[in-house]
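The block underneath contains the structure these notes are about, expressed in structure tokens.
The values are calculated or read from the model by the stated rules, or taken from the named source; none is laboratory data. All figures in this text were calculated on a predicted structure; none of them were measured in a lab. Positions of Cβ are generated from backbone atoms using ideal geometry, with glycine treated the same way; all protein chains shown enter the neighbour counts. Areas reflect the complete protein model, heavy atoms only, side chains present, ligands, DNA and RNA absent. Shrake-Rupley method; radii C 1.70, N 1.55, O 1.52, S 1.80 Å.
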Amino acid sequence: PAGEFLMGATTDDPDARRDEKPQHRVYLDEYWIGKYPVTNAQYRLYDPEHQFKRGEEHHPVTSTTWYDAHKFCIWMTRITRQTISLPTEAQWEKAARGIDGRRYPWGNQVPSESLANFGNIIKGTTPVDQYPGGVSPYGAMDMAGNVFEYCADWYSETYYSHSRHTNPKGPVSGWEKVTRGGNYYTLGMYMRTSQRERVLPDFQQMYGFRCCIDQRT
């Protein structure tokens with residue numbers, strides 16, 4: 001729903017880095033975001049040559065570049081006639097944490113094996129619906145662990161100090177794109193809702209994504 005939320009980390013968060021501060025209020029218009037990351041089976045509809053292991057149809061797609069994810073959204077826009085894109089960093093974070101500033105999608109409880117796929121416990125990705133206990137306040141699954149997720153924004157370490165209050169879209173240019181959420185081998189501290197990572201947009205490794213629809217379109 002439209003409204004404000006708290007974005008970024010508090011000053012007393014011992015795990016937060018400088019690029020997560022200051023915590024600030026952000027207003028977003030109404031939008032829809034994918035309940036799950038895009039899966040291997042879904043991505044193969046777009047790219048018939050996409051390869052994955054048997055039995056991993058409902059695991060998140062990985063080994064895509066940011067450009068691949070962006071092109072998938074363009075394809076989805078064409079076939080659905082809705083404007084589909086990667087979520088902005090602000091849209092991703094609000095969907096993950098709600099409006100109460102929680103540290104993780106499920107609250108402030110430290111991560112455990114029943115809440116998310118992390119810490120290399122399973123040593124690979126898992127189905128996107130495997131951790132219902134880790135659901136976010138808005139019903140989004142897998143927003144912590146399993147696979148890093150691309151956002152639309154360019155990355156800037158200092159962006160929060162001058163970002164706009166309403167519908168921020170990140171810097172106008174940059175070298176790296178924002179990723180969020182941690183993945184199956186990261187430590188729990190890197191799955192906090194305010195944790196920011198970045199990657200070159202043409203780099204291909206363990207990155208996935210989910211789609212977003214702006215209600216104004």
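What to note about this one:
- Whole-percent carbon and sulfur share, accessible surface of segment 48-137, 1.4 Å: 50 percent
- In the chain, the DSSP-assigned H stretches of four residues or longer account for a calculated mean residue ellipticity at 222 nm of -4000 deg cm²/dmol, using -39500 (n - 2.57) per stretch and the full residue count as denominator.
- Label-reachable residues, segment 118-148, where backbone N falls under 13 Å from a point 7 Å from Arg44's Cα toward its Cβ: none
- Listed values (i) 1.00; (ii) 0.93; (iii) 1.18, entry calculated as Rg/Rh (Cα atoms, Kirkwood Rh): (ii)
- Percentage relative contact order, segment 71-163, counting C-alpha pairs under 8 Å, at least six apart: 29 percent
- Close amide H pairs (under 5 Å, H built 1.01 Å from N) link Tyr207 with Ser63, Thr64, residues at least 5 positions away or on another chain.
- Of Lys71/Lys169; Lys53/Lys169; Lys94/Lys177; Lys71/Lys177; Lys94/Lys169; Lys21/Lys169, those spanning more than 25 Å from alpha-carbon to alpha-carbon: Lys53/Lys169
- Extended-chain gain in nm, criterion 0.36 nm per residue less alpha-carbon gap, Leu187 and Arg164: 5.2 nm
- Where the chain is the region considered: accessible area per residue in Å², 1.4 Å probe: 49 Å²
- Residues Asp12 and Trp32, FRET efficiency given R0 of 35 Å [Cβ-Cβ distance, rounded to 0.05]: 0.55
- Loop trypsin sites (Lys or Arg not before Pro), segment 129-179, which have at most 11 other Cβ atoms in a 10 Å radius of their Cβ (DSSP): Arg164
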